[in-house]
Amino acid sequence: MKWAKMCRILAASMVLPLSAGCWDRLEINDLALVMATGLDEAEDGQVKLSVQIFVPKKAGDTPNVGGDQASGGGGGGSQTIVKEATGISVADAVSRLQTMMSRRLTWEHDEVFIFGEKRAAHGIEEDMDYLLRSRQTRERANLFVSEGMAIDALRLNPRLERDVAETLREMTLLQIGPDVSLFKLLRMMRSAGKSAVLPYIQKLPSQPGVNPDNTVSYITGGTVLKNGKAVGRLNMRLTRGLLWLHNETKEATLTFKPEGMPGSVALRMLRSKAVLVPSIRGDRWSVRVKVDNEAVLLQNTTGGIVTNEAWVQKIERAASQSIRSRIEETVEAGQRQFNADIFGIADLFRKHYPKHWKEARTNWDSVFKEIRIEIDVHTHVKRPGMSNASVPY
Amino acid sequence: MIEAVLGRVAGRAAGILFLLFHLHIGGATIRDYSEFISGNFFQRTPILVITASMLLVCAMVVKSGVETIARCAQIFMPAVLALLLINVVLLIPDMDITEMLPILGNGPLPVVKGIFVVQGWFCQFVLITFLLPYVEGDKANRAGYWSVAAAAATMVLINLTVLFLFGIDASQFYYPFLMASRYIRVADFIEHVEAMVMASWVLGTFVRISLFLLRCDRGSGILHRGQSRKAVRLSCGIAADRVRILGRPQHAGAAELYLDLGKYVYHDGIYCLSCVSRLDRDRSQRDGKIIALLLCAYLI
Amino acid sequence: MADYSSSSIPVPFDMDRPILPDLEANRAALNEVLNDCADAVLHPFATGDGRAALLIYICGLSDKAQLEKMAMEPLIRMSSEADGSLSAIARKLPIADLHEATAIRELIEGLFVGMPCLLVDGQACGLIMNMADWEKRGIDEPMAESVVRGPREGFGESLDVNMSLMRRRLRTPDFKMKTMTVGRLTRTRVVVCYIQSVAKDSLVQEVLSRLSRIDTDGVLESANIEELIQDSTLSPFPQLLSTERPDVCAASLMEGKAMLMIEGTPFALIAPTSLFALLQSPEDYYQRFMMGTVIRWLRYTFFLLALLFPSLYVAILTYHQEMVPTTLLLSIAKSREDIPFPALVEALLMEVSFEALREAGVRLPKQVGSAVSIVGALVIGQAATAAGLVSPPMVMVVALTGIASFMIPHYSVGISVRLLRFPVMLLAGFLGLLGLMLGVIALVIHLASLRSFGEPYLVFFRRGARHAWKDTLIRAPSWALGERPATAQKANADRQSMRNRPTPQKEGG
């Protein structure tokens, strides 16, 4: 009796999985892995979505020479394809794109999103809604703004890394430009300042005699976004100044010409820490920025002797001055030129002076203009490098 | 026992109310779990499969007895804790303690409001009193204190992690800790590990639901004076029903709410009927009939 | 020799017939019973004082030379005595182990254990002499459980030798051995061993009662007995530990467990057992404690791996591709591009072939066996990959799983794990990581509800919480394991003095 019942239950439970078909099952060969996404402005405010898809061909297969959108280079060339679709919104474009694909698109490994210049100027908030709401897109993905069209950036064929996305990601890790993830951007845009800086990428001119597509995009500066729209560019120098304020300077090399000395000095920053301290005295809002650096001497062409205490102190002062001026230029650009709180100062005041901030948040722009930002930089040269000699020998 | 206190009729009524209360909470728990798993990991799988699989496993363990549940909990607790801690530790590089500021920037009122929400969770701790008959000796007291303390500590840890990571924008997400887990990237290698959070949900929910089923089982035992394995399945069915009832979008309008209540009452009516009819029909027949009744009600 | 025989030989002969004083009648009776038993010898002779005597023995089971020298010779040379009774004769014989019997049954039973019997005309009883000796395998290193450091003695098929091996290790009268006979046709002797002051009374009683309930034709191996006395037959996990090593048995006995030795098989059974005991190897205790701990942890990890690795692979690749690091995913995608099967089917295929290979390897003769299994596995894996049937990562997964299952010290658990892999794989292929977790939960539920002779299978945090993890999570140094585990009597919990920690004198006073 009991056995018969068990057999029935067993049979029923066997039928269930076989008939259902494992709804969420997706073989890897049924996936189109998106490595990078580009969002460009199309006519009538529509968005042109371009994706770079990984093509898993075994090494040794002849790459697809036909097809204008396949970017297969010579042996060992890239294994990616760029496809595009246009729609009234990103979601629409995605669905259209899927109709052109034999495999299911998946953004789970997409760590790079590139906005075209025009799209950035149009405004990226709508696109961001899709990116944040969709389950597949990663909040940790990095965002970039590219010169011209994003799709052109995707079509490039880096020779060192696997693809464009990897290149840009690694560059961001080296802290060459600002590291803005999707979530970080959300935070910046939701703060009272509603401003952000995205890294700006341009195509590196390729070597002569080489396929012009075999090159990379690299970070050349930043784009200032206000209310989700691009309002201007920062050159590399200004962007670096911004990085100093954000404590994102891992690979900083500072080269400067100290006064009264021939030649130049290059210092490599080991550790730098910027502390921003807000204060409100009466009606005056100010932020005191204190930057402490530890550096190593990298190149010295001034003829100064590194064991000379006075010389070292001079160098340190000159370095601090140099850094200070960079930061001041950036602050100037942020406050005066763009009137965009790209430094996250709104959040600073929210944390330390909540009541004042609550009153000021509605017209933060005008308040921001009046904030005094004082910058105080200290540099300490720790080590003179490996060599003891000094130029000229 | 309740009958002894309140007399026969009132006791039974109180027993039924107690049971319904449990069913509601249990159904809500199952619903939460299914929505979480389905929405975040298995979008195309029907919710029923996710619910049914969990209920099946919980019914298995309830059948085996309290000690089995306790042992399983003993084994799974370190696992859940470890998963949680790994998540937190891997996020330390991304945390920013200044997100804690401003402290009491808006006065103490928001904190008090928040306490009420959390209170609802902690209130459920009183439900472990039904386990008292199974605890030997004096351990109940200490165990209770330790449990509450541990739960509180875990909640604090998780909330702080989310706060330090996301700041005031944590409210942008439905599942902040899951988002935090998705945010982990360590050494370019450990990334996309949100399945750890799913694992801790599954294990934790398993223990919760099995305890809830145990309560239902024992609770309905009070009503019809004798436990039966079918009672457990019955509870399963009812709980699954609850899921269907509550299977409305999360922001249901008032009209839908009444519809909910109506169905609620209807289903409970069926259950009460079944309890009553249980008294005079043949045992095996009646269980089959009840299940059939429930299935009909389910399909309507 | 106490005798707990529980069943009777289904022979239509009344075995309880007493031995009659008439030798001819006895002889007729014995002839009837031992009809067609070619190896039974009934040897009539005359004693020194003129009486007829009958010597019955099974040739091959008794030491014939001894028999002739110690039994026949004194009898033949015996002169007339005043007291010609068998007991008087018995006192004169130079045999160290003999007793009298009054029923044919005892004669027969003694006969088939290698004890020749002597019947003398006019005596209503027989003399049963213990001269059992037969060809047996010498004491060998246990084949399935070898260690790097530790004794290399293993049990044999002879119960007496095994008993001596145990006695040599537990030289105390506290170490009790109770004999039983089980099996209608095989009349197998089973010895229940335990240490009286340490083992729980209830446990011993339970073991004995379960054994006495066995009523079956034959018991050839300890596995037969195991199946008949275990708590749950449907469970894939063994509830008794089977081992060939006397040192393992001795250690378990000292923890309060009971042991069964069965004649005819070198595998002894230990009850009760727990999952953690099944995952222990004597090697843990013979090496230094840190190595023991690390190896133990490795073993636990690989135990989980053996169970879950293919399922993890299938689940992650089919449902949770986002979990794989991008670079790895891309290379897996490349290698899976031309594979015709979905991941689950590929996994099942490889696992099944691997199991077949392993099982085949067990049966092959030793010289061919190892070569075939290694080469076979490599070649098959390589060829399958080259043919495009499976992907290289899958071969890696299967290989690692195979290695992991070899790490489990006891074959019975290893087999269970290997078998349980498949349902978990199916679940993982059906519901991804959720399915895997549900499978794991179901397994844990089963283990948590399993009991071995009353002791829970997952004894982990039992009485003496600190002790339990000292021997399961880590292998604490022996001077720290002062308490016996919960399987022993509560009253006798201390097993060593707490001052055992070595504190060598420092140099220079």
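No lab work stands behind these numbers, since they all come straight from the coordinates. All values derive from a computational prediction rather than experimental measurement. Every residue, glycine among them, receives a Cβ derived from its backbone with ideal geometry; neighbour counts consider all protein chains shown.
The C-alpha atoms of the range C:208-290 occupy a region whose extents along the principal axes are 48, 26, 20 Å, arranged from largest to smallest.
Taking the square roots of 5 times each eigenvalue of the Cα gyration tensor of chain A, largest first, gives ellipsoid semi-axes of 46, 29, 22 Å. Across chain C, the mean sequence separation of Cα contacts (distance under 8 Å, 6 or more residues apart), normalised by length, yields a relative contact order of 13 percent. Each part gets one Cα centre, and for the range A:207-259 versus the range A:286-332 those centres are 21 Å apart.
Per residue, the convex hull spanned by the Cα atoms of the range A:27-234 measures out at 123 cubic angstrom.
Simple spin-label estimate for C:His43 and C:Asp97 gives 2.0 nm between the two label positions (7 Å along the Cα-to-Cβ direction from each Cα). Cβ-Cβ distance of B:Met77 and B:Ile103, R₀ of 25 Å, FRET efficiency by 1/(1 + (r/R0)^6): the value works out to about 0.15. Take the alpha-carbon positions of the range A:111-227, form their convex hull, and give its projected area averaged over all directions (one quarter of the hull surface) in nm². Mean projected area of the Cα convex hull: 7.1 nm².
Helix content alone sets the calculated 222 nm mean residue ellipticity of chain A: runs of n ≥ 4 DSSP H residues at -39500 (n - 2.57) each, divided across all residues, give -9500 deg cm²/dmol.
If R0 is taken as 35 Å, the Cβ-Cβ distance between C:Val294 and B:Asp188 corresponds to a FRET efficiency of 0.75. In the range C:268-325, one over the average inverse separation of all distinct C-alpha pairs is 13.9 Å, which is the Kirkwood hydrodynamic radius. For C:Leu364, the amide hydrogen comes within under 5 Å of no other amide hydrogen, counting only partners 5 or more places away or on other chains and with H modelled in the peptide plane. Sorted ascending by nearby beta carbons within 10 Å, beginning with the fewest, B:Phe122, B:Phe42, B:Phe164 become B:Phe122, B:Phe164, B:Phe42. Taking the Kirkwood radius as Rh and the Cα radius of gyration as Rg, the range C:115-215 has a ratio of Rg/Rh equal to 1.05.
Phi-derived couplings, Karplus 6.51 cos²θ - 1.76 cosθ + 1.60 at θ = phi - 60°, listed residue by residue for the range A:380-386: 10, 7, 7, 9, x, x, 8 Hz, with x used for Gly and Pro. Shown here is the pair-distance distribution of chain C: with all Cα-Cα distances grouped in 20 Å bins from zero up to the longest one, the shares run 18, 40, 28, 11, 2, 0 percent.
The overall shape of the range C:364-453 is oblate: from the C-alpha gyration tensor, with semi-axes ordered a ≥ b ≥ c, the ratio a/c is 1.5 or greater and a/b is no larger than b/c. Phi angles across the range B:71-76 convert, under the Karplus curve 6.51 cos²θ - 1.76 cosθ + 1.60 with θ = phi - 60°, into 3J(HN,Hα) values of 5, 4, 4, 4, 7, 7 Hz, Gly and Pro given as x.
Taking label positions 7 Å along the Cα-Cβ direction at both C:Thr503 and C:Ala28, the computed distance is 8.3 nm, reported to one decimal.
Alpha-carbon geometry of the range C:288-452: the Rg and the Dmax are 16.9, 50 Å, given in that order.
Residue by residue along A:177-184, Cβ atoms of other protein chains within 10 Å of the local Cβ number 2 on average.
Site pair B:Leu160 and C:Asp215 shows an inter-label distance of 6.8 nm when each label is modelled 7 Å from Cα along Cα→Cβ.
Pairs with C-alpha atoms separated by more than 26 Å, drawn from the list A:Lys194/A:Lys358; A:Lys351/B:Lys113; B:Lys63/C:Lys257, are B:Lys63/C:Lys257. So if the hydrodynamic radius of the range B:28-182 is defined as the Kirkwood radius over C-alpha pairs, what does Stokes-Einstein give as its diffusion coefficient at 37 °C and 0.692 mPa s, in µm² per second? Taking Rh from Cα pairs, D becomes 178 µm²/s.
Rounded to the nearest Hz, the phi-derived 3J(HN,Hα) couplings of the range B:175-181 under the Karplus curve 6.51 cos²θ - 1.76 cosθ + 1.60 (θ = phi - 60°) are 10, x, 5, 5, 4, 4, 5, where x marks glycine and proline.
Calculated translational diffusion coefficient of the range C:159-273 (10 °C, 1.306 mPa s; Stokes-Einstein with Kirkwood radius over alpha-carbon pairs) equals 113 µm²/s. Close amide H contacts of C:Ser62 (hydrogens built in the peptide plane, cut-off under 5 Å, sequence separation of 5 or more or a different chain): C:Asp133.
Viscosity 0.692 mPa s, temperature 37 °C: give me the Stokes-Einstein translational D for the range C:23-129 in µm²/s, with Rh taken as the Kirkwood radius over C-alpha pairs.
After rounding, the answer is 240 µm²/s.
Near A:Leu105, the amide H atoms lying under 5 Å from its own belong to A:Ala32; only residues 5 or more places off or on other chains count, and H is placed 1.01 Å from N. Taking Cα centre as origin and charging only the Cβ of basic (Lys, Arg, +1) and acidic (Asp, Glu, -1) residues, the dipole magnitude of chain C rounds to 2340 debye. To the nearest ten degrees, helix C:201-212 and the longest principal axis of the Cα atoms of chain C are 70 degrees apart. For the Cα trace of the range A:250-393, dividing Rg by the Kirkwood Rh returns an Rg/Rh value of 1.11.
I need to check one value: relative contact order of the range C:159-273, counting alpha carbon pairs closer than 8 Å and at least 6 residues apart, in percent. After rounding, I find 31 percent.
With 21 Å as the limit on Cα-Cα distance, the pairs of A:Lys229/A:Lys369; C:Lys64/C:Lys136; A:Lys184/A:Lys355; A:Lys48/A:Lys229 that go past it are A:Lys184/A:Lys355.
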